[in-house]
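Enquirer: Before I ask anything, here is the structure I am working with.
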Amino acid sequence: MKANFEKLKKVPAYRALAEAMTEQILDGRLEEGEQVPTESELCEMFGVNRSTVREAIRVLEEANLIRREHARKLLISKPSHQEIGSQLERALLLHEVTFDELWEAMHLLEPQMARLAAQQPQAALIERLTLNIEATQEALSRGESLVRLDIEFHGLIAQMCANRALNLAREPISRLFYPSFQRVMAKVPVAGQRLVGAHKAILDSLIRGDGAAAEMWMQKHITDFKRGLELASVDVKSPVG
(Lines give C-alpha, C1' and ligand atoms only; values in the text may rest on other atoms or scores of the structure.)
Protein backbone atom coordinates (compact mmCIF):
# COMPACT_ATOMS: atom_id res chain seq x y z
CA MET A 1 0.00 0.00 0.00
CA LYS A 2 1.39 3.36 -0.99
CA ALA A 3 1.91 5.74 1.94
CA ASN A 4 0.33 9.18 1.80
CA PHE A 5 2.25 12.00 3.41
CA GLU A 6 1.02 15.54 3.93
CA LYS A 7 3.17 18.34 2.65
CA LEU A 8 5.34 19.96 5.29
CA LYS A 9 3.98 23.31 6.41
CA LYS A 10 6.33 26.19 5.92
CA VAL A 11 6.79 28.29 9.05
CA PRO A 12 6.52 32.04 8.36
CA ALA A 13 9.91 33.74 8.62
CA TYR A 14 8.76 36.13 11.35
CA ARG A 15 7.66 33.20 13.55
CA ALA A 16 10.96 31.42 12.99
CA LEU A 17 12.74 34.63 14.02
CA ALA A 18 10.51 35.06 17.10
CA GLU A 19 11.25 31.45 18.12
CA ALA A 20 14.98 31.94 17.64
CA MET A 21 14.93 35.04 19.84
CA THR A 22 12.74 33.29 22.42
CA GLU A 23 15.29 30.48 22.67
CA GLN A 24 18.04 33.02 23.32
CA ILE A 25 15.95 34.65 26.06
CA LEU A 26 15.16 31.31 27.71
CA ASP A 27 18.75 30.08 27.67
CA GLY A 28 20.05 33.38 29.05
CA ARG A 29 21.92 34.66 26.03
CA LEU A 30 19.51 37.60 26.03
CA GLU A 31 18.97 38.68 29.65
CA GLU A 32 16.16 40.65 31.27
CA GLY A 33 16.78 44.39 30.96
CA GLU A 34 19.18 43.98 28.05
CA GLN A 35 18.50 46.17 25.03
CA VAL A 36 17.26 44.35 21.94
CA PRO A 37 19.46 44.86 18.84
CA THR A 38 18.16 47.42 16.37
CA GLU A 39 16.03 46.44 13.38
CA SER A 40 19.02 46.84 11.09
CA GLU A 41 21.18 44.66 13.33
CA LEU A 42 18.51 41.95 13.54
CA CYS A 43 18.10 42.03 9.75
CA GLU A 44 21.82 41.48 9.33
CA MET A 45 22.11 38.87 12.08
CA PHE A 46 19.26 36.70 10.79
CA GLY A 47 19.35 37.52 7.07
CA VAL A 48 15.75 38.77 6.92
CA ASN A 49 14.00 41.98 5.89
CA ARG A 50 12.60 44.73 8.12
CA SER A 51 8.97 43.64 7.85
CA THR A 52 9.94 40.18 9.13
CA VAL A 53 11.79 41.71 12.07
CA ARG A 54 8.87 44.00 12.92
CA GLU A 55 6.39 41.13 12.91
CA ALA A 56 8.68 39.03 15.10
CA ILE A 57 9.03 41.91 17.56
CA ARG A 58 5.23 42.25 17.64
CA VAL A 59 4.90 38.55 18.55
CA LEU A 60 7.48 38.90 21.33
CA GLU A 61 5.80 42.02 22.69
CA GLU A 62 2.45 40.22 22.81
CA ALA A 63 4.15 37.40 24.73
CA ASN A 64 5.58 40.02 27.16
CA LEU A 65 9.13 38.87 26.40
CA ILE A 66 10.01 42.32 25.09
CA ARG A 67 8.89 45.69 26.43
CA ARG A 68 9.07 49.00 24.62
CA GLU A 69 10.74 51.76 26.64
CA HIS A 70 10.14 54.22 23.81
CA ALA A 71 9.67 54.06 20.05
CA ARG A 72 13.27 53.07 19.28
CA LYS A 73 14.30 51.28 22.46
CA LEU A 74 13.20 47.72 23.21
CA LEU A 75 14.28 45.76 26.28
CA ILE A 76 14.17 42.07 27.13
CA SER A 77 11.57 41.42 29.83
CA LYS A 78 9.82 38.54 31.52
CA PRO A 79 6.05 38.20 31.94
CA SER A 80 4.66 39.04 35.37
CA HIS A 81 2.51 36.54 37.29
CA GLN A 82 -0.51 38.60 36.28
CA GLU A 83 0.39 38.53 32.58
CA ILE A 84 1.00 34.79 32.66
CA GLY A 85 -2.21 34.37 34.61
CA SER A 86 -4.20 36.20 31.93
CA GLN A 87 -2.85 33.92 29.20
CA LEU A 88 -3.50 30.72 31.16
CA GLU A 89 -6.92 31.94 32.28
CA ARG A 90 -7.98 32.10 28.64
CA ALA A 91 -6.65 28.56 28.13
CA LEU A 92 -8.70 27.27 31.09
CA LEU A 93 -11.82 28.91 29.67
CA LEU A 94 -11.19 27.44 26.22
CA HIS A 95 -10.83 23.99 27.78
CA GLU A 96 -14.14 24.56 29.60
CA VAL A 97 -12.86 23.70 33.07
CA THR A 98 -15.61 23.33 35.67
CA PHE A 99 -16.05 24.92 39.10
CA ASP A 100 -15.46 21.48 40.58
CA GLU A 101 -12.09 21.17 38.81
CA LEU A 102 -11.07 24.63 39.98
CA TRP A 103 -12.08 23.76 43.54
CA GLU A 104 -10.08 20.52 43.49
CA ALA A 105 -7.01 22.43 42.30
CA MET A 106 -7.38 25.14 44.95
CA HIS A 107 -8.02 22.54 47.65
CA LEU A 108 -4.64 21.02 46.80
CA LEU A 109 -2.71 24.27 46.37
CA GLU A 110 -3.96 26.79 48.92
CA PRO A 111 -3.58 24.76 52.15
CA GLN A 112 -0.01 23.80 51.25
CA MET A 113 0.83 27.39 50.39
CA ALA A 114 -0.60 28.53 53.74
CA ARG A 115 1.59 25.98 55.53
CA LEU A 116 4.67 27.21 53.68
CA ALA A 117 3.76 30.85 54.38
CA ALA A 118 3.58 30.12 58.13
CA GLN A 119 7.15 28.84 58.03
CA GLN A 120 8.44 32.22 56.85
CA PRO A 121 6.05 34.96 58.04
CA GLN A 122 7.04 38.43 56.86
CA ALA A 123 6.14 41.45 58.96
CA ALA A 124 5.23 43.63 55.97
CA LEU A 125 2.88 41.02 54.54
CA ILE A 126 1.36 40.27 57.97
CA GLU A 127 0.57 44.00 58.24
CA ARG A 128 -1.04 44.00 54.80
CA LEU A 129 -3.12 40.92 55.68
CA THR A 130 -4.26 42.64 58.89
CA LEU A 131 -5.32 45.74 56.95
CA ASN A 132 -7.03 43.53 54.38
CA ILE A 133 -9.18 41.87 57.05
CA GLU A 134 -10.10 45.25 58.53
CA ALA A 135 -11.13 46.48 55.08
CA THR A 136 -13.11 43.28 54.50
CA GLN A 137 -15.05 43.78 57.74
CA GLU A 138 -15.84 47.37 56.77
CA ALA A 139 -16.97 46.34 53.28
CA LEU A 140 -19.15 43.61 54.79
CA SER A 141 -20.80 46.08 57.18
CA ARG A 142 -21.61 48.33 54.20
CA GLY A 143 -22.99 45.47 52.14
CA GLU A 144 -20.27 45.81 49.49
CA SER A 145 -18.67 43.07 47.41
CA LEU A 146 -15.83 41.20 49.12
CA VAL A 147 -14.42 39.61 45.97
CA ARG A 148 -11.51 42.00 45.39
CA LEU A 149 -10.44 41.85 49.03
CA ASP A 150 -10.78 38.07 49.11
CA ILE A 151 -8.56 37.75 46.04
CA GLU A 152 -6.05 40.13 47.64
CA PHE A 153 -5.98 38.14 50.91
CA HIS A 154 -5.19 34.86 49.21
CA GLY A 155 -2.71 36.57 46.89
CA LEU A 156 -0.78 37.93 49.89
CA ILE A 157 -0.53 34.46 51.40
CA ALA A 158 0.69 33.12 48.07
CA GLN A 159 3.29 35.90 48.03
CA MET A 160 4.43 34.98 51.55
CA CYS A 161 4.71 31.34 50.49
CA ALA A 162 7.58 32.48 48.22
CA ASN A 163 7.35 29.51 45.88
CA ARG A 164 7.31 30.79 42.30
CA ALA A 165 6.21 27.48 40.79
CA LEU A 166 3.17 27.30 43.08
CA ASN A 167 2.38 30.97 42.51
CA LEU A 168 2.44 30.61 38.73
CA ALA A 169 0.23 27.50 38.91
CA ARG A 170 -2.23 29.19 41.27
CA GLU A 171 -2.60 32.58 39.54
CA PRO A 172 -4.90 31.66 36.62
CA ILE A 173 -7.01 29.31 38.75
CA SER A 174 -7.61 31.99 41.39
CA ARG A 175 -8.74 34.45 38.70
CA LEU A 176 -11.64 32.16 37.85
CA PHE A 177 -12.29 30.64 41.28
CA TYR A 178 -12.69 33.53 43.71
CA PRO A 179 -15.02 35.85 41.71
CA SER A 180 -17.75 33.21 42.10
CA PHE A 181 -17.93 34.17 45.81
CA GLN A 182 -20.18 37.06 44.81
CA ARG A 183 -22.81 34.50 43.80
CA VAL A 184 -22.44 32.83 47.19
CA MET A 185 -22.83 36.14 49.05
CA ALA A 186 -26.05 36.87 47.18
CA LYS A 187 -27.68 33.60 48.29
CA VAL A 188 -26.00 32.71 51.61
CA PRO A 189 -26.31 35.59 54.14
CA VAL A 190 -23.73 34.18 56.59
CA ALA A 191 -21.07 33.66 53.90
CA GLY A 192 -19.36 37.00 54.51
CA GLN A 193 -19.01 36.46 58.26
CA ARG A 194 -17.70 32.94 57.72
CA LEU A 195 -15.12 34.28 55.26
CA VAL A 196 -13.91 36.91 57.73
CA GLY A 197 -13.74 34.32 60.51
CA ALA A 198 -11.66 31.97 58.40
CA HIS A 199 -9.33 34.76 57.30
CA LYS A 200 -8.76 35.79 60.92
CA ALA A 201 -7.97 32.20 61.94
CA ILE A 202 -5.54 31.79 59.04
CA LEU A 203 -3.80 35.07 59.85
CA ASP A 204 -3.51 34.13 63.53
CA SER A 205 -1.87 30.84 62.50
CA LEU A 206 0.59 32.72 60.28
CA ILE A 207 1.48 35.14 63.07
CA ARG A 208 2.17 32.20 65.41
CA GLY A 209 4.16 30.42 62.70
CA ASP A 210 1.87 27.41 63.07
CA GLY A 211 1.99 25.71 59.66
CA ALA A 212 -0.33 22.85 60.62
CA ALA A 213 -3.03 25.24 61.84
CA ALA A 214 -2.67 27.49 58.79
CA GLU A 215 -3.06 24.46 56.52
CA MET A 216 -6.06 23.14 58.48
CA TRP A 217 -7.90 26.47 58.46
CA MET A 218 -7.25 26.98 54.78
CA GLN A 219 -8.62 23.50 54.05
CA LYS A 220 -11.75 24.35 56.05
CA HIS A 221 -12.04 27.68 54.26
CA ILE A 222 -11.80 26.17 50.77
CA THR A 223 -14.23 23.36 51.71
CA ASP A 224 -16.65 25.98 53.06
CA PHE A 225 -16.36 27.81 49.74
CA LYS A 226 -17.63 24.76 47.87
CA ARG A 227 -20.52 24.31 50.29
CA GLY A 228 -21.39 27.93 49.63
CA LEU A 229 -21.45 27.34 45.88
CA GLU A 230 -23.78 24.38 46.36
CA LEU A 231 -26.08 26.35 48.70
CA ALA A 232 -26.15 29.11 46.10
CA SER A 233 -27.33 26.51 43.56
CA VAL A 234 -24.23 26.90 41.42
CA ASP A 235 -23.81 23.87 39.17
CA VAL A 236 -20.22 22.93 40.09
CA LYS A 237 -20.07 20.51 37.16
CA SER A 238 -20.72 23.25 34.63
CA PRO A 239 -17.91 25.11 32.82
CA VAL A 240 -16.75 28.38 34.35
CA GLY A 241 -17.44 31.57 32.46
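The values are calculated or read from the model by the stated rules, or taken from the named source; none is laboratory data. Bear in mind the structure is a predicted one, so any value in this text is a computation, not a measurement. Quick reminder, even Gly has a Cβ in these numbers, built from the backbone with ideal geometry, and neighbours come from all protein chains shown. Side chains included, ligands, DNA and RNA excluded: accessible areas come from the protein's heavy atoms. Shrake-Rupley method; radii C 1.70, N 1.55, O 1.52, S 1.80 Å.
Enquirer: Determine the pairs where a residue that is in a helix (DSSP H, G or I), located within region 206-224, has a partner that is among the hydroxyl-bearing types (S, T, Y) with Cβ atoms under 7 Å apart, the partner being 6 or more residues away or on another chain.
Expert: Here the result reads A213/S205; A214/S205; W217/S205, each pair linking region 206-224 to a residue that is among the hydroxyl-bearing types (S, T, Y).
Enquirer: So, in region 123-136, exactly how many residues are under 14 Å from V196 (Cβ atoms) and surrounded by 14 or more Cβ atoms within 10 Å (Cβ to Cβ)?
Expert: 5
Enquirer: Contact list please: Cβ distance under 6 Å, first residue in region 31-58 and free of Cβ contacts under 8 Å to residues at least 40 places away in the same chain, second residue of a type in the set (G, A, S), pairs at least six apart or on different chains.
Expert: Partner pairs satisfying both residue conditions: V48/A13; T52/A13.
Enquirer: Do you know which of the residues in region 194-241 that are at pLDDT 95 or above and in contact with a Lys or Arg (Cβ under 6 Å, 6 or more places away or on another chain) is surrounded by the fewest Cβ atoms within 10 Å (Cβ to Cβ)?
Expert: Only one residue fits best here, namely G211.
Enquirer: I'd like the full set of residues that are of a type in the set (D, E, K, R), open to solvent by 40 Å² or more (accessible area, probe 1.4 Å) and within 27 Å of D235 (Cα to Cα), limited to region 90-122.
Expert: R90, E96, E101, E104, listed by residue number.
Enquirer: How many residues are open to solvent by less than 30 Å² (accessible area, probe 1.4 Å) and assigned to a helix (DSSP H, G or I) when one looks only at region 156-188?
Expert: Final tally of qualifying residues: 16.
Enquirer: Right, something else. Out of (1) of a type in the set (F, W, Y); (2) over 30 Å from I157 (Cβ atoms); (3) within 17 Å of the chain's Cα centre (by Cα), the odd one out for F46 is which?
Expert: Going through (1) of a type in the set (F, W, Y); (2) over 30 Å from I157 (Cβ atoms); (3) within 17 Å of the chain's Cα centre (by Cα) one by one, F46 breaks only (3).
Enquirer: Within region 148-163, is there a residue that is of a type in the set (D, E) and closer than 30 Å to L94 by Cβ?
Expert: yes
Enquirer: Suppose we filter region 173-195 for residues that are in contact (Cβ under 8 Å) with a residue 60 or more places away in the chain and either in contact with a strand residue (DSSP E or B) (Cβ under 7 Å, 6 or more places away or on another chain) or of a type in the set (A, V, I, L, M, F, W, C) (or both); how many remain?
Expert: Within region 173-195, residues that are in contact (Cβ under 8 Å) with a residue 60 or more places away in the chain and either in contact with a strand residue (DSSP E or B) (Cβ under 7 Å, 6 or more places away or on another chain) or of a type in the set (A, V, I, L, M, F, W, C) (or both) number 3.
Enquirer: Return yes when E23 is within 20 Å of the chain's Cα centre (by Cα), open to solvent by 40 Å² or more (accessible area, probe 1.4 Å) and without any contact (Cβ under 8 Å) to a residue 40 or more places away in the chain and no when it is not.
Expert: Against the criterion (within 20 Å of the chain's Cα centre (by Cα), open to solvent by 40 Å² or more (accessible area, probe 1.4 Å) and without any contact (Cβ under 8 Å) to a residue 40 or more places away in the chain), E23 does not qualify.
Enquirer: Additional query: Select from region 225-240 the residues that are outside any helix (DSSP H, G or I) and of a type in the set (D, E) and list them in ascending order.
Expert: D235
Enquirer: Here's a follow-up. Given the conditions (1) of a type outside the set (F, W, Y); (2) at pLDDT below 95; (3) over 20 Å from T98 (Cα atoms); (4) surrounded by fewer than 21 Cβ atoms within 10 Å (Cβ to Cβ), which single one is not true for A191?
Expert: (4)
Enquirer: In region 137-150, what residues are open to solvent by less than 60 Å² (accessible area, probe 1.4 Å) and under 22 Å from the mean Cα position of the chain (by Cα)?
Expert: Start the filter on region 137-150 by keeping residues that are open to solvent by less than 60 Å² (accessible area, probe 1.4 Å), which leaves 139-140, 146-147, 149-150.
Correct list: L146, V147, L149, D150.
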